[in-house]
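Have a look at the structure below, then the notes.
Quick note: the coordinates plus some simple rules give every number you see, no bench work behind them. Note that this is a predicted model, so its numbers are computed, not measured. When we count neighbours, we look across all protein chains shown, and the Cβ atoms used for this are built from the backbone with ideal geometry, even at glycine.
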Amino acid sequence: MTEDEQHVAMQLILAAGDVKKLSFEGITLAKKGQIQAARIKFDEAEKRLGEGHQAQSDYIRTHVNSDAGLTLLMVHAQDHLSMAMTTIELGRELVAVYERLDQLEH
């Protein structure tokens, strides 16, 4: 594994961690009834996910014709990014549920 691959893998893992953190912050805000603030957190999470996707796309574009195989670390990093996407999707659904509950209570 090259230093470049390690760097990209860490970028993906860090981006995924940030996305999951922001998503859970958004869920917590929604649970407290702060729906607009929750949506802002998810917008931030989407932006950070886009940065991770850009790093992934750049890596793939420059290595598409490479003889080097995919390393375990890179597969692991991409798995983190996929899970971060799922966290956003499910989190946004939870925000909608909390919003609906809030409406029913008031």
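Using 0.36 nm per residue, how much length does the chain from K21 to L101 gain when fully extended, once their Cα-Cα distance is taken away? Spell out each step's value before the answer.
On the way: separation 80, 0.36 × 80 = 28.80 nm, distance 2.35 nm.
Net length gain for the segment: 26.4 nm.
For a Förster distance of 30 Å, can you work out the FRET efficiency between the beta-carbons of Q36 and D79, rounded to the nearest 0.05?
Details: r = 32 Å, r/R0 = 1.07.
Step by step, r from the Cβ atoms, then E = 0.40.
Sorted from largest to smallest, which semi-axis lengths in Å does the alpha carbon gyration tensor of the stretch 3-101 give for its equivalent ellipsoid, taking the root of 5 times each eigenvalue? Mind showing how you got there, number by number?
On the way: eigenvalues 204, 21, 19 Å².
Taking √(5λ) for each eigenvalue gives 32, 10, 10 Å, largest first.
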What is the distance, in nm, between label points placed 7 Å from the Cα along the Cα-to-Cβ direction at E3 and at D43? 3.9 nm
Pairing the Cα long axis of helix 35-63 with the longest principal axis of the chain, what angle in degrees results, from 0 to 90 and rounded to the nearest 10? 10 degrees
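With contacts defined as alpha carbon pairs under 8 Å and 6 or more residues apart, what's the relative contact order of the chain in percent?
Working: 107 pairs, mean separation 47.1, N = 106.
After rounding, I find 44 percent.
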Considering the options S82, V95, S66, tell which one lies farthest towards the positive end of the dipole of the stretch 3-101, charges being +1 on Lys and Arg and -1 on Asp and Glu at the Cβ, about the Cα centre. V95
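If you take the beta carbon distance between L94 and M10 as r and set R0 to 25 Å, what does 1/(1 + (r/R0)^6) give as a FRET efficiency, to the nearest 0.05?
Numbers: r = 29 Å, r/R0 = 1.16.
Computed FRET efficiency for L94 and M10 comes out at 0.30.
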